[in-house]
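Read the structure below first, then the notes.
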Amino acid sequence: MESRSLQVLEFGKVLTHLAGMCVSEAGAEAAHAVRPLTDIGAVHHAAALFDEARRWAGHTGFRLSSFPPLDGVFRALDAPATVLDLDALWALRQTLGLARKLAVSIREGQSTGGRWDLLVALVDGHPLPQRTVSGLDRCVSDDGLLRDESSPELSLVRGEIRRIHQQCTRKVKEYAQRYNIGHYLQDEFMTLSSDRYVLPLKSNFKGRLQGIIHDYSQTGETCYFEPMFLVELNNGLQELKREEREEERKVLRYLTDLVRDELAAVRGAYDLLVEADVLCARCALSARFEECGEAGAVSIVEGGHVSLLGARHPLLALAAAREAKAGGATVQSAARATGRDKAASGHGPQSPQAPQAVDIELLPGQLGLVISGGNAGGKTVCLKTLGLIALMGLAGLPVPVRPGSTLPFWTDIFAFIGDEQSLEDNVSTFTAQIRHLSGVWDRLGSGALVILDEFGAGTDPAQGAALAQAVLDEVMDAGSTVVAATHFPALKAYALTREQVRAASVLFDPATKRPLFRLAYDQVGASQALDVAREHGLPEAVLRRAEQYLLLDGEDTSALVDRLNALAVQREAEISSLRAEEVRFRDKRAKLDERFERERRTLFESVQGQAKTVLQEWKSGKVSHKQALKALAETRARLVGGAPGMPGEGGGPEETSQAPALQVETLRTGQAVRYVPWGKKGTVVEVDARRGRVRVDLSGVTMWAEAKDLAALDEKPRVAVGAVTRTISDATASMRVDLRGMRADVAVSELSRALDKALLAGMSAVEAIHGRGTGALRKEIHAFLKTFPAVRSFALAPEDQGGDGVTIIELK
């Protein structure tokens, strides 16, 4: 990616914001080093990793804490004889401990319902140096000191030092009491001077005692006096101190060797933390964008087209979020000072408005966008918004756009924005544009975006417009995408007449002539130079003369352009209103779906609880089998009909509105019908016109049903709220289950399920088709029926109903 374009589009300022959201120096350096990626797979991986990091942070609440930089430690380890000091080892301990917490959070979060496979793979790719972590935890304390347990020798030496300290304290106390020298001392406690235990003796008493004077205080009133009885103990203490330093050096060398042996893993853990720091900073950047609008990762599609929805310039969005935060703090301070919130009444500090969102879109097959319209209307901001969002999207950074935004995969972005003339280099504005364009001309191709801000404006208008049209033609012929802002009438006409080019205009308020910072597509706009000049204070006399010259030249088309602008503003307002209505209805639908699911779950749990209660009472013998069936049937009736007392129902009047019942004479074998009580689709298997009933196959379960309980498949029954639907409970209703071809255990299981369904539906009989065969399956079924408590009796069917290939089961 061209560095000049990165600078022109101010990509570095975005990285500065990103670095400011990192918690470590190393993370900030890595943030400043972020660049657009040139591989589409890497771009998609970065976007997916950001999405997972945002979900992980929201799910676990993990926040990365600051960790020290380790680059100096790694450079020191390059020298084989280097022994790390305690500060370096403590920094390593803190860093590796934080890396361990990070890995645990990612793995445990996934085990509790989160899905972030890329984060887990990232952690797995940087295994912790277990020996180093264990050694540092054992030897280095939280306050950065070596523990006594670092080695047996160190523990022994420090134990002796503590023993001497206690002995010295005891002797000094005994000596002071025996010789009554308390009034000689400046303090009641002994202290250290030159690493030896001494007494703080008042200087005017120094000749009263025998001993050694090591030093004086700054005022000279206190001398640090070592009595003779402490000399021998202090000599022993010095020897132990020397041994302690030697043992500590051995521990430091041992820990350094551990780090050096696992240096690759230590570097990997450090790199993991740095990458996690930048990832968390990206999440924080997205949250900052969301403070004044929507934000997320833009979808980069190879071969796609430009479609930025609700795009805001990233730097303007960040500035608005910062000012909004500062404005909120000011309002709170004012409220605390005055005892009331003046901002609420319109007299206090006002919150700044977010930058205007704009849609930047090209239709499929289009490669060019030409933006026209008045000065200060936002043309250059649109160009910079597209360019900067493209750079950020290619770098895997979140951008302030609405979901669904897409961009093509560009490997090069060339921006020609601003006045680049230079007196020192003898380069004019026009010459600078031509020189820079010539320098990148050979790099144009299908993976390039070219941004031109008023290209050709620094020369003769006719020649400049012709040159601009030729440049756009050649750039698009090379397969590149080009976006240009212009005031040339010829280029505006060009945009309206080329199939691959789309025209757009910035809008102005028809009444005030102030810019609205919005785009209207498939139209061009006037430059509005006189209105902008009037707005910025140019004398009215000059403006009147300019209007007269326009009339003389026949170039005054302001009325026509104003009318087009007014119509475009009206259309954009209507589109915005429709979009807001769409969002409102979408939110309402989501809330209704959520309410429905909540009430459905409550209803199911209520019915399930009632059914369990009935079954438990039946099993315990509190109610008879018939009473249990009756209670279950009543529960089912309330569920289907929405009787009062069921959760989520109003229990209104019983108004039914069912589909017309079918006549048995109109039904034919193979006809598709709907069984109303269950709301299930089925197929007619057999019609018994004499008894007025039909045998229906309901997804493998065959049963006899009354014709009036069937509806044509295309006539779905409509049941009003509070309606009661009649259930089949007469003695003639039955069910048929086909068990042929099944193993005995499978057939018994299927028959058990069929019996349960029949009981819940209030059926009085079930027909089990097992076939004749060897009779083995029939014997197993009969043996099972003898043990089933709800079976009243069973027998083989008559020959006209299947004979010994069918068993008719009567239920209690």
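The values are calculated or read from the model by the stated rules, or taken from the named source; none is laboratory data. Remember, predicted model here, so these are calculated numbers, not experimental data. Cβ coordinates were reconstructed from backbone atoms using ideal geometry, including for glycine residues, and neighbour counts include every protein chain displayed. Just so you know, the surface numbers come from the protein's heavy atoms only, side chains and all, with ligands and any DNA or RNA stripped out. Shrake-Rupley method; radii C 1.70, N 1.55, O 1.52, S 1.80 Å.
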message: Can you find, within the range 120-150, the residue that is nearest to the chain's Cα centre (by Cα) among those that are open to solvent by 70 Å² or more (accessible area, probe 1.4 Å) and under 30 Å from A48 (Cβ atoms)?
response: D124
- request: Output the number of the condition that G456 fails; it satisfies all remaining conditions of (1) assigned to a loop (DSSP other than H, G, I, E, B); (2) closer than 22 Å to G374 by Cα; (3) open to solvent by 20 Å² or more (accessible area, probe 1.4 Å); (4) modelled with pLDDT of 75 or more.
  value: (3)
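Table: residues versus (1) open to solvent by 100 Å² or more (accessible area, probe 1.4 Å); (2) more than 30 Å from S505 (Cβ to Cβ); (3) out of contact with any helix residue (DSSP H, G or I) (no Cβ under 9 Å at 6 or more places or on another chain).
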{"position": "I575", "(1), (2), (3)": "no, no, yes"}
{"position": "A580", "(1), (2), (3)": "no, no, yes"}
{"position": "L592", "(1), (2), (3)": "no, yes, yes"}
{"position": "E605", "(1), (2), (3)": "yes, yes, yes"}
{"position": "Q608", "(1), (2), (3)": "no, yes, yes"}
{"position": "T613", "(1), (2), (3)": "no, yes, no"}
{"position": "G621", "(1), (2), (3)": "no, yes, yes"}
- prompt: If V701 passes every condition in (1) open to solvent by 90 Å² or more (accessible area, probe 1.4 Å); (2) within 28 Å of K786 (Cβ to Cβ); (3) modelled with pLDDT under 80 but one, which one does it miss?
  reply: (1)
message: For the range 782-812, give me each residue that is without any contact (Cβ under 8 Å) to a residue 40 or more places away in the chain and in a loop (DSSP other than H, G, I, E, B).
response: F788, A797, P798, G802
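Could you count how many residues in the range 1-19 are assigned to a helix (DSSP H, G or I), in contact with a helix residue (DSSP H, G or I) (Cβ under 9 Å, 6 or more places away or on another chain) and either touching a residue at least 60 places away in the same chain (Cβ under 8 Å) or open to solvent by 70 Å² or more (accessible area, probe 1.4 Å) (or both)?
First, the residues of the range 1-19 that are assigned to a helix (DSSP H, G or I): 3-8, 11-19.
Of the ones still in play, those that are also in contact with a helix residue (DSSP H, G or I) (Cβ under 9 Å, 6 or more places away or on another chain) are 4-6, 8, 11-19.
Those still in the list that are either touching a residue at least 60 places away in the same chain (Cβ under 8 Å) or open to solvent by 70 Å² or more (accessible area, probe 1.4 Å) (or both) too: 4-6, 8, 11, 13-14, 16-19.
Looking only at that region, the number is 11.
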- prompt: Which residues, counting only those in the range 749-787, are surrounded by fewer than 20 Cβ atoms within 10 Å (Cβ to Cβ) and touching a Gly at 6+ places or on another chain (Cβ under 7 Å)?
  reply: I769, G771, R772
field: Pick from the range 20-49, criterion among the β-branched types (V, I, T) and either in contact with a helix residue (DSSP H, G or I) (Cβ under 7 Å, 6 or more places away or on another chain) or in a loop (DSSP other than H, G, I, E, B) (or both), ranking: farthest from D412 (Cα to Cα)
entry: V23
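Identify the residue in the range 465-493 that is hydroxyl-bearing (S, T, Y) and buried (at least 23 other Cβ atoms within 10 Å of the Cβ) and, among all such residues, is nearest to S438 (Cα to Cα). Talk me through it step by step, then tell me what you get.
Within the range 465-493, the first condition is being hydroxyl-bearing (S, T, Y), and the residues that meet it are 480-481, 486.
This time we only want the ones that are buried (at least 23 other Cβ atoms within 10 Å of the Cβ), so: 481, 486.
Values: T481: 17, T486: 20 Å.
Step by step, filter the range 465-493, then rank; the result is T481.
Only one of E248, E291 is closer than 30 Å to P68 by Cβ and open to solvent by 40 Å² or more (accessible area, probe 1.4 Å); which? If you could, list the steps in order and put the result at the bottom.
Numbers: E291 fails: closer than 30 Å to P68 by Cβ.
The conditions single out E248.
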message: Please count how many residues of the range 168-215 are surrounded by 14 or more Cβ atoms within 10 Å (Cβ to Cβ) and part of a strand (DSSP E or B).
response: 13
Selection within the range 752-785 - in contact with a strand residue (DSSP E or B) (Cβ under 6 Å, 6 or more places away or on another chain) and over 17 Å from T702 (Cβ atoms): L785
query: Of the residues in the range 43-100, how many are open to solvent by 40 Å² or more (accessible area, probe 1.4 Å), of a type in the set (D, E, K, R) and within 28 Å of the chain's Cα centre (by Cα)?
result: 5
field: Members of the range 782-803 that are modelled with pLDDT under 85 and within 16 Å of R740 (Cβ to Cβ)
entry: Q801, G802, G803
